[in-house]
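*Asks:* Input: one structure, supplied below.
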Amino acid sequence: MSVDIAKQLEKAQRFVEKSRIEEAIEAYQEILSAVPNHLESMQSLGDLYTMQNQPDRAAVYYGLLFDRFTAPREEPKALALYTRFLKPHQQPPERVARYALLLQKQNRSEEAIEQFMSAAIAYELSDKGEDALACFVRIAQLDSENRDRHLAVAELAERMGNSAAASRGYLRAGQLSTQNDAEALGFFAKAHELSPHDRSAALMYAQALLRKGDASAAATLLAPLTETEKDASFLETYTDALIRSGQLDTARTVLERMGNQGAASTEKLFNLASEFLRGGMEDQAIDLLASTKKTMLAARRESEFASSVDQLVEAFPKSLRMAEFQAFLYADLNRETKYFEALVRLFDLSIANDQLRAACESLEKLVEIDPYDSRNQERLDSLKGRADEQYLSRVKSRLSNAATHRPGAPAQEHRRNGASEPSTAILDEVQSGQTLEDLLVQAEIFVQYSLQSKAIERLQRIVELFPGEEENNERLQGLFEAAHWWPEEGAVPARPVERSPAPLEEPVNRTTTASPYAPETLRDLAKISEINQNVFRQPSPRAMLSVAVNEVGNYLRAARCLAVVGPPGAPPQMASEFCATGVEASSGGQIVRLLGQVERASPDPLGGLPLEAAASPILKETGLETALGVQLTDPETQSPAGMMIVGFSAPHTWKPNETYFLQSIGDQMLMCVHHTRLRTLVRTLAVADEKTGLLARGSYIDCLLNESQRARSQGAPLALALLQIDGGPELLRQQGEGPFDRYMEQLGKSVQAIVRQTDLAIKYTSWALAVVLPDTPLSGAQTFAEKLKKAVGGLRPPWDGGLTMSVAVAEAIARQDYDNEDIVTDLINRVEAGLEEARKRGGNEIVALEMAKN
């Protein structure tokens, strides 16, 4: 019989109003009989039984109501209903598990664990193993760092025959058994036994075997899984096991499959070469190094490769093949000093191993590089009676030519008839001139590449062989000055009159790097360097202008100093003014009129724009008697782009060094403003993530190259910091991209909050950030790294469990014989090596890498 629900509800409500509770209950029950999912009836029945103090019967209907609250917006009501009415009574495990899930969504983890455990026990008693396992898995997720929770999951899953879940549980239990390696090894073994084709289980088990020292077992374990494997971490573990178990040829095959995957794979290649050498397999070692050389030099990592080869040579000092390889390497790299040292080592080893042909070839190359080296004669003597006499005679002749004109050498004897032999005199003159020319050319090369010690050695040789030559040879005098060394115990020789600075009235080319008035500007030069460094350290263009005018005004003790950025004839884009004590600031209109007057002033011989109060009412208006302006030039377009003006309130005679001082500071200030604007533009055009403001990885090399060029031209330091989440790849796999990206957004924002405007923050990988630090030495980079770790240390990831981070910092090598690409390559490689060192130490480290000593 059909029931009219509306009429029945109206009837039930009238019974309630008349306090006829039993009849109301019957009416609601009739509705439920007709419509089993009628929520209002369930709610009303529960309330009515509660009013009658029958909680057990009320719980029946509240439970049905709880089960019907499935929509997300109803979850808070369901949670409140269960907590108030159902929790005190025994509930079916399905309902308890659902209540636990609602608690989990509310981040009430402890309560959720308790309810999941109750549900799991009830499921087990009811022989519902799969449901019990699901509850244990939830508990392990909520208490992820508790080893026993994961072990409970593993044991239950194993009893049920669920190998995959059991393997995962044993793996996590093994990871958390940090204090007991034997226990962890057992858990990993169990996980691998249950899932022999699971790569994660195999990898962790193999890593545990390696820690135990059983490399052969680890290699055997991983071998079946490596055919299609591309993950770097997996292959690195496999190659480590192969190398440590002596399977070197297989290890090389795997490493070459890996290709160039950064510092870790490179280190393994050199470790493999070392093992080849240790095992006496020199041919295999050299072949591997030759292949590695092609790859690393193509990637412009020649400095890193050469350094690693040097370490191998030091580790195996008796290896003739390694000495040969080192010599060929430095010949290819055109690094003459290192090439010479390698040839010396090669010669000594060739003699020791009775390899006379190799020794002769090495000596001939040594003589070609430096025929004046005093040890060449000793090397020649060691070959007497052992090498070809014609060869020895030829080398001896070349050494004799190099020794011509030594002090105390006897003069040419005359013939018996008293006449000297013309042909001998001419030959001596030609040989003397050629020897001097050779030495001069070599000295010039050493000076050009900043090899000062070698340059001085050549200059000493010239003074020894050609005493007094510097008196008339301006080329030699120039070399003395460039090398900062002079004969006669370092005394600076008197300079010829014709080399004096030009008179003041002659115009001076401003592109030179030093003032022509050196005697008057020695104090100014030091101050220019100090001010320029201070200007560059400022975080914004306006701060740069402010520092520049204040430093200049105070140093010159001027009444006013004004810096303006903007093309002539247009309103200033930016301006800053220094005013001495008691001097009022100029108004905007006064600044514009003063600029107009100075721009129209007649330039002096040095390009300055002097202005006197007698010819300019604006000076009187601003309380000045005299002013001097210099035009600033845009470094990109070479067009006028600003002005710097300094003025005195009393008569003042402008000196040439003041014009030079003002021009130098102004040009540097404008260059710093220009670079800061470029950085801002880079951020605008190359942002990888609008939420964090981090630059894309594609900007990394370009930013470093630009900053390296600027650092070289200004003599400023440059540093690089690399921040990496320890175990980032594994965490990314475990947590998924969504949560990991959210955490990286938080991390990026924290980094952006502490970097200067001149710094450049870049997203390096999915788990690492790079920060380029201009004008920062290594000590400053270390301080930044500590500040960085402190800033990000309080961040909590959007998953249960913590994480640690490591930072590597390094300062760029400041050497003129390195080009930009070499400097940047070396810097990148050293910072990546620093992160690898942090990983070896267990993570959560700051590693600062000193510059290599050459």
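The values are calculated or read from the model by the stated rules, or taken from the named source; none is laboratory data. What you are looking at is a predicted structure, and each value in this text was computed from that prediction instead of being measured. In this analysis, Cβ positions are derived from the backbone assuming ideal geometry, glycine residues included, and neighbour counts consider all displayed protein chains. Note: accessible area is taken over every heavy atom of the protein model, side chains too, but ligands, DNA and RNA are not part of it. Shrake-Rupley method; radii C 1.70, N 1.55, O 1.52, S 1.80 Å.
*Asks:* Does Pro572 satisfy the criteria of being part of a loop (DSSP other than H, G, I, E, B) and surrounded by fewer than 18 Cβ atoms within 10 Å (Cβ to Cβ)? I'd like the intermediate steps shown before the answer.
*Replies:* Numbers: part of a loop (DSSP other than H, G, I, E, B): yes; surrounded by fewer than 18 Cβ atoms within 10 Å (Cβ to Cβ): no.
No, not satisfied.
*Asks:* Related question: Do any residues in region 541-570 that are without any contact (Cβ under 8 Å) to a residue 24 or more places away in the chain have Cβ atoms under 8 Å from those of residues that are outside any strand (DSSP E or B) and open to solvent by less than 20 Å² (accessible area, probe 1.4 Å), where the two are at least six apart or on different chains, and which pairs are they?
*Replies:* Val547/Ile531; Val547/Val535
*Asks:* Going by what's in this entry, would Lys853 be described as at pLDDT below 90, open to solvent by 50 Å² or more (accessible area, probe 1.4 Å) and either over 21 Å from Gln709 (Cα atoms) or outside any loop (DSSP other than H, G, I, E, B) (or both)?
*Replies:* Values: at pLDDT below 90: yes; open to solvent by 50 Å² or more (accessible area, probe 1.4 Å): yes; either over 21 Å from Gln709 (Cα atoms) or outside any loop (DSSP other than H, G, I, E, B) (or both): yes.
Criteria met by Lys853.
*Asks:* Which members of region 752-769 meet the condition of being touching a helix residue (DSSP H, G or I) at 6+ places or on another chain (Cβ under 7 Å), open to solvent by less than 30 Å² (accessible area, probe 1.4 Å) and within 25 Å of Cys672 (Cα to Cα)?
*Replies:* Listed by number, the residues that qualify are Thr758, Leu760, Ala761, Ile762.
*Asks:* Identify the single condition in (1) over 34 Å from the mean Cα position of the chain (by Cα); (2) of a type outside the set (A, V, I, L, M); (3) more than 30 Å from Leu465 (Cβ to Cβ) that Asn376 does not satisfy, given that it satisfies every other one.
*Replies:* (3)
*Asks:* Working only within region 770-817, note down all residues that are touching a residue at least 24 places away in the same chain (Cβ under 8 Å), open to solvent by 30 Å² or more (accessible area, probe 1.4 Å) and not in a loop (DSSP other than H, G, I, E, B).
*Replies:* Those that are touching a residue at least 24 places away in the same chain (Cβ under 8 Å), open to solvent by 30 Å² or more (accessible area, probe 1.4 Å) and not in a loop (DSSP other than H, G, I, E, B): Gln782, Glu786, Lys787, Lys789, Ala791, Glu811.
*Asks:* In region 317-337, how many are in a loop (DSSP other than H, G, I, E, B), buried (at least 18 other Cβ atoms within 10 Å of the Cβ) and not basic (Lys, Arg)? Walk me through it before giving the result.
*Replies:* First, pick out the residues of region 317-337 that are in a loop (DSSP other than H, G, I, E, B): 317-319, 334-335.
Going one step further and asking which of them are buried (at least 18 other Cβ atoms within 10 Å of the Cβ), we end up with 319, 335.
Then keep just the ones that are not basic (Lys, Arg); that gives 319.
Selection size over region 317-337: 1.
*Asks:* Shifting gears a bit: Being outside any helix (DSSP H, G or I) and closer than 19 Å to Arg57 by Cα is the filter here, so list the residues in region 70-98 that pass it.
*Replies:* Within region 70-98, the subset outside any helix (DSSP H, G or I) is 70-71, 87-92.
Lys87, Pro88, His89, Gln90, Gln91, Pro92, listed by residue number.
*Asks:* Pick from Glu520, Glu505, Glu498: which is at pLDDT below 80, charged (D, E, K, R) and not in a helix (DSSP H, G or I)?
*Replies:* Details: Glu520 fails: not in a helix (DSSP H, G or I); Glu498 fails: not in a helix (DSSP H, G or I).
It is Glu505.
*Asks:* Tell me which residues, restricted to region 102-153, are closer than 23 Å to Gly802 by Cα and of a type in the set (A, V, I, L, M, F, W, C).
*Replies:* Passing the criteria: Leu103, Ala112, Ile113, Phe136, Val137, Ile139, Ala140, Leu142, Leu151, Ala152, Val153.
*Asks:* When region 565-593 is examined, which residues are found to be of a type in the set (A, V, I, L, M, F, W, C) and touching an Asp or Glu at 6+ places or on another chain (Cβ under 9 Å)? Even if it seems obvious, please write down each step before you answer.
*Replies:* Of all residues in region 565-593, those of a type in the set (A, V, I, L, M, F, W, C) come to 565, 570, 574-575, 578-580, 583, 585, 591-592.
Phe578, Ala585, Ile591 - these are the residues of region 565-593 that are of a type in the set (A, V, I, L, M, F, W, C) and touching an Asp or Glu at 6+ places or on another chain (Cβ under 9 Å).
*Asks:* Further, regarding this structure: Can you tell me which condition Arg172 does not meet? The list is (1) under 27 Å from Leu209 (Cβ atoms); (2) in contact (Cβ under 8 Å) with a residue 12 or more places away in the chain; (3) out of contact with any helix residue (DSSP H, G or I) (no Cβ under 6 Å at 6 or more places or on another chain); (4) not β-branched (Val, Ile, Thr), and all the others hold.
*Replies:* With (1) under 27 Å from Leu209 (Cβ atoms); (2) in contact (Cβ under 8 Å) with a residue 12 or more places away in the chain; (3) out of contact with any helix residue (DSSP H, G or I) (no Cβ under 6 Å at 6 or more places or on another chain); (4) not β-branched (Val, Ile, Thr) applied to Arg172, the lone miss is (3).
*Asks:* Something else about it: Between a first residue in region 270-282 that is hydroxyl-bearing (Ser, Thr, Tyr) and a second residue that is buried (at least 16 other Cβ atoms within 10 Å of the Cβ), which pairs have beta carbons less than 7 Å apart while being 6 or more apart in sequence or on different chains?
*Replies:* Ser274/Leu312
*Asks:* Hey, can you tell me all the residues within region 173-185 that are under 19 Å from Glu730 (Cα atoms) and either of a type in the set (S, T, N, Q) or open to solvent by 70 Å² or more (accessible area, probe 1.4 Å) (or both)?
*Replies:* Passing the criteria: Gln175, Ser177, Thr178.
*Asks:* Based on what the data block shows, is Phe340 over 21 Å from Leu288 (Cα atoms) and open to solvent by less than 10 Å² (accessible area, probe 1.4 Å)?
*Replies:* Taking the combined requirement at face value, the residue does not satisfy it.
*Asks:* Hey, among Leu221, Leu297, Leu289, Leu269, which residue is open to solvent by less than 20 Å² (accessible area, probe 1.4 Å) and not aromatic (Phe, Trp, Tyr)? Write out each step before concluding.
*Replies:* Working: Leu221 fails: open to solvent by less than 20 Å² (accessible area, probe 1.4 Å); Leu297 fails: open to solvent by less than 20 Å² (accessible area, probe 1.4 Å); Leu269 fails: open to solvent by less than 20 Å² (accessible area, probe 1.4 Å).
When all the criteria are applied, what remains is Leu289.
*Asks:* Quick check, is Ala585 among the hydrophobic types (A, V, I, L, M, F, W, C), modelled with pLDDT of 85 or more and either open to solvent by 20 Å² or more (accessible area, probe 1.4 Å) or farther than 22 Å from His674 by Cα (or both)?
*Replies:* Yes, satisfied.
*Asks:* Only one of (1) of a type in the set (Val, Ile, Thr); (2) at pLDDT 50 or above; (3) not in a helix (DSSP H, G or I) is not met by Thr404, so which one is it?
*Replies:* (2) is the only condition that Thr404 fails.
*Asks:* Then there is this: Give the residues of region 142-172 that are of a type in the set (Lys, Arg) and either open to solvent by less than 60 Å² (accessible area, probe 1.4 Å) or farther than 21 Å from Glu111 by Cα (or both), sorted by residue number.
*Replies:* So the first thing to find is which residues in region 142-172 are of a type in the set (Lys, Arg), and the list is 147, 149, 159, 168, 172.
Once the filter is applied, which keeps residues that are of a type in the set (Lys, Arg) and either open to solvent by less than 60 Å² (accessible area, probe 1.4 Å) or farther than 21 Å from Glu111 by Cα (or both), region 142-172 yields Arg159, Arg168, Arg172.
*Asks:* Could you tell me which residue of region 107-141 is surrounded by the fewest Cβ atoms within 10 Å (Cβ to Cβ), considering only residues that are charged (D, E, K, R) and assigned to a loop (DSSP other than H, G, I, E, B)? So that I can check it myself, show each step before the final result.
*Replies:* Just the residues of region 107-141 that are charged (D, E, K, R), to begin with: 108, 110-111, 114, 124, 127-128, 130-131, 138.
From the residues that got through so far, the ones that are assigned to a loop (DSSP other than H, G, I, E, B) too are 108, 127-128.
Working: Arg108: 16, Asp127: 8, Lys128: 17.
Out of the qualifying residues, it is Asp127.
*Asks:* Next question. State which residue is surrounded by the fewest Cβ atoms within 10 Å (Cβ to Cβ) when the search covers only region 616-669 and only residues that are β-branched (Val, Ile, Thr) and part of a loop (DSSP other than H, G, I, E, B). Write out each step before concluding.
*Replies:* Looking only at region 616-669, we keep the residues that are β-branched (Val, Ile, Thr), and these are 618, 622, 626, 630, 633, 637, 645-646, 653, 659, 665.
Subset that is part of a loop (DSSP other than H, G, I, E, B): 622, 637, 653.
Details: Thr622: 26, Thr637: 9, Thr653: 7.
Filtering region 616-669 for residues that are β-branched (Val, Ile, Thr) and part of a loop (DSSP other than H, G, I, E, B), the one surrounded by the fewest Cβ atoms within 10 Å (Cβ to Cβ) comes out as Thr653.
*Asks:* Report yes if some residue within region 55-63 is open to solvent by 60 Å² or more (accessible area, probe 1.4 Å), more than 24 Å from Leu32 (Cβ to Cβ) and not basic (Lys, Arg); otherwise report no. Show your work before the answer.
*Replies:* Narrowing region 55-63 to residues open to solvent by 60 Å² or more (accessible area, probe 1.4 Å): 55-57, 60.
Those left that are additionally more than 24 Å from Leu32 (Cβ to Cβ): none.
No, there is no match, as no residue in region 55-63 is open to solvent by 60 Å² or more (accessible area, probe 1.4 Å), more than 24 Å from Leu32 (Cβ to Cβ) and not basic (Lys, Arg).
*Asks:* Quick check: is even one residue across region 226-248 within 25 Å of Leu333 (Cβ to Cβ), open to solvent by 60 Å² or more (accessible area, probe 1.4 Å) and in contact (Cβ under 8 Å) with a residue 12 or more places away in the chain?
*Replies:* From region 226-248, those within 25 Å of Leu333 (Cβ to Cβ) are none; that's our starting set.
Looking through region 226-248, none of the residues is within 25 Å of Leu333 (Cβ to Cβ), open to solvent by 60 Å² or more (accessible area, probe 1.4 Å) and in contact (Cβ under 8 Å) with a residue 12 or more places away in the chain.
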